[in-house]
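Visitor: This is the structure, below, for whatever I ask next.
Any read-out appearing in this document is the output of simple, stated calculations on the displayed coordinates, not a laboratory observation. Being a predicted model, the structure only gives us computed values, none of them experimental. Cβ sites come from the backbone with ideal geometry, for glycine too, and all protein chains shown count toward neighbours.
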Amino acid sequence: MRTDDFDYPLPDELIAQAPAEPRDSCRLLVLHREDGSVEHRRFTDVLDYLEPGDLLVANRTRVMPARLVGRKRGTGGVCETLLLKRREDVDALGGVWECLVNPGKRLRQPGTVIEYRAGGLHAPESAPVVLTGEIVDFVEGSKGGRLVRFSPAGEKDDGSPRTLDEAIHAAGHVPLPPYITQYEGDPEKYQTVYAMSEEHSAAAPTAGLHFTPELIERIREKGVGWATVELEVGIDTFRLVTEDDPTQHVMHTERYHVPQEVVDAVHATKAAGHRVIAVGTTSVRSLESAWEESATPSEPPVAARRFEGAAGRGDIVARENAATNLYLMPGSDFHVVDAMITNFHVPRSTLMMLVSAFATRDQIMDAYHAAIEERYRFLSFGDAMLIE
């Protein structure tokens, strides 16, 4: 197996630069793993493939305004900071984040301070400084990675001090993927309609962007369950595999949460002989990360359906503020997920390997080539795929 096996020619004009409007009007390619056949539908037709008793599991994370553009104190040089991961000491008064800074060569010295103004990217010089960031250290093994200590600055209009969260919101912008270069619309279109209020992610769980409140209600009316997990999507989700041998790639770590009520819903769904359908690869990784080979199987056993053929026995267990670097590639076992809704992914990415593990590499490549021929829209704002 080589990384080249997961490459394909993606025409630039097929990279979607704006979301479908309405959200659920996008196209849907259905891939049947049993025989490799595909169907071309609309996303609202996903109802035709859901049965009463099935369970949809989505990632409810919200994208934070993680892109900060400021100026280096003393020189006035412009620099960009992307918030990646908060450290444990972050509170309302400040704290340290793992960040990606640009230009990295100018932001190497610990003690260097960056000032961020209200309005962020387009802020005039007269705008007040609302946030400062001090370079603390390098992030080991990360090009451009820095530990930055952030502190809110100044007061709000009512005279009260800003919290760190308020300062980040005043200065920051929701970051779009690097391949979306033309979108200037509503940033809420890059959030799912069911996202939680707290903001933890640097990127959206984009398979969920296709759902509307009305479609979710119709899904529930059909007797299909709806549950949510949380995985904090990091910017490394866009990183390509550069190693020739994909097994040598080091997978990034993300925080995730699978509540007990989701575990209970999975148990009930499996026991009744129905399917667990993940909305997006982040939901897949959350559910599969919550599987424990050594766990005592539930009664009735979770292995009621697809688990019969899985390697080893175990169970899905609740996780709270856990970490995962689960890397799913051809040869990996799927213990929980029976079907998935996903977007079309970047060539040579770990997500291409994940979907190729769930179906087969040949089935995925055939489906992608069919999508290109049919002029589907690709990547984060693009069309959807149901793999069942």
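Visitor: Tell me the relative contact order for the range 148-209 as a rounded percent, counting alpha carbon contacts under 8 Å between residues six or more apart. Present the calculation step by step, with values, prior to reporting the outcome.
Guide: Numbers: 33 pairs, mean separation 14.9, N = 62.
RCO, the range 148-209: 24 percent.
Visitor: Highest mean first, how do 15-21, 272-278 rank when packing is the count of other Cβ atoms within 10 Å averaged over residues? Could you put the intermediate results ahead of the total?
Guide: Values: 15-21: 17.6, 272-278: 21.0.
Answer by packing, highest mean first, reads 272-278, 15-21.
Visitor: Any idea how far apart Arg220 and Glu125 come out in nm if each label point goes 7 Å out from Cα toward Cβ?
Guide: 5.4
Visitor: Here's a follow-up. Relative to the present Cα-Cα distance, how much length would full extension add between Lys105 and Ser25 at 0.36 nm per residue of separation?
Guide: Numbers: separation 80, 0.36 × 80 = 28.80 nm, distance 4.46 nm.
Roughly 24.3 nm would be gained on extension.
Visitor: Restricted to Cα positions, what overall size does the range 67-171 have along the principal axes? Three whole-Å values, descending.
Guide: Computed over the range 67-171, the largest-to-smallest principal extents equal 43, 30, 20 Å.
Visitor: Over the Cα atoms of the chain, how large are the radius of gyration and the largest Cα-Cα distance (Dmax), in Å?
Guide: Spelled out, the Cα radius of gyration and Dmax of the chain are 21.7, 66 Å.
Visitor: Still on this structure, I have one more. Pull out the extension gain between Asp137 and Ala318, defined as 0.36 nm times the separation in residues minus the alpha carbon to alpha carbon distance; nm, one decimal. Display every interim value, and only then the final one.
Guide: On the way: separation 181, 0.36 × 181 = 65.16 nm, distance 3.47 nm.
Using 0.36 nm per residue and subtracting the Cα-Cα distance, I get 61.7 nm.
Visitor: How big is the gap, in Å, between the Cα center of the range 116-156 and the Cα center of the range 212-242?
Guide: 31
Visitor: Also: Can you return the lysines within cross-link range of Lys85? Criterion is Cα-Cα under 17 Å, with same-chain partners fewer than 8 residues away left out.
Guide: Lys143
Visitor: Now a separate question. For the chain, what relative contact order do you get, as a whole percent, if you take Cα pairs closer than 8 Å and at least 6 residues apart?
Guide: Relative contact order of the chain: 23 percent.
Visitor: What value, in deg cm²/dmol to 500, does the helix sum -39500 (n - 2.57) over DSSP H runs of n ≥ 4 give at 222 nm once divided by the residues of the chain?
Guide: -4500 deg cm²/dmol
Visitor: Rounded, prolate or oblate: which fits the range 101-153, taking a ≥ b ≥ c as square roots of the Cα gyration tensor eigenvalues, rounded meaning a/c under 1.5, else prolate when a/b beats b/c?
Guide: On the way: a/c = 2.74, a/b = 1.96, b/c = 1.39.
Here the range 101-153 falls in the prolate category.
Visitor: Along the Cα→Cβ direction, 7 angstrom out, place labels at Val113 and His40. What is the inter-label distance in nm?
Guide: With each label placed 7 Å out from Cα toward Cβ, I get 6.0 nm.
Visitor: Something else: Antiparallel versus total DSSP beta bridges in the chain: what percent is that, nearest 5? Display every interim value, and only then the final one.
Guide: Details: 52 of 71 bridges.
Taking every DSSP beta bridge within the chain, about 75 percent pair in antiparallel fashion.
Visitor: Quick one: if you stick a label point 7 Å off each Cα along the C-beta vector at Arg2 and Leu14, how many nm between them?
Guide: The modelled label-to-label distance comes out at 2.2 nm.
Visitor: Lys/Arg Cβ at +1, Asp/Glu Cβ at -1, dipole of the chain taken about the Cα centre: which of Leu107, Ala167, Leu28 is farthest positive-ward?
Guide: Ranked along the dipole, the leading option is Leu107.
Visitor: Additional query: By the scheme Lys and Arg +1, Asp and Glu -1, what is the net charge of all other residues having a beta-carbon under 13 Å from that of Asp165?
Guide: On the way: positive: Arg62, Arg86, Lys156, Arg162; negative: Asp91, Glu166, Glu198, Glu199.
Net charge around Asp165: 0.
Visitor: Find how much the distance from Asp91 to Ser332 grows on full extension, using 0.36 nm per residue of separation minus their present alpha carbon separation; answer in nm with one decimal.
Guide: Once the chain is fully extended between Asp91 and Ser332, it gains 82.9 nm.
Visitor: Starting with the highest mean, order 241-249, 352-360 by the number of other Cβ atoms within 10 Å, averaged over the residues of each peptide.
Guide: Numbers: 241-249: 13.7, 352-360: 22.7.
Ranked by mean Cβ neighbours within 10 Å, highest first: 352-360, 241-249.
Visitor: For the range 3-73 and the range 332-350, what is the separation of their C-alpha centers, rounded to whole Å?
Guide: Answer, in whole Å: 11.
Visitor: With a 10 Å radius around each residue's Cβ, average the other Cβ atoms per peptide and rank 119-127, 338-346, 208-216, highest first.
Guide: On the way: 119-127: 12.7, 338-346: 24.0, 208-216: 19.1.
Per-residue Cβ counts within 10 Å, averaged per peptide and sorted highest first, yield 338-346, 208-216, 119-127.
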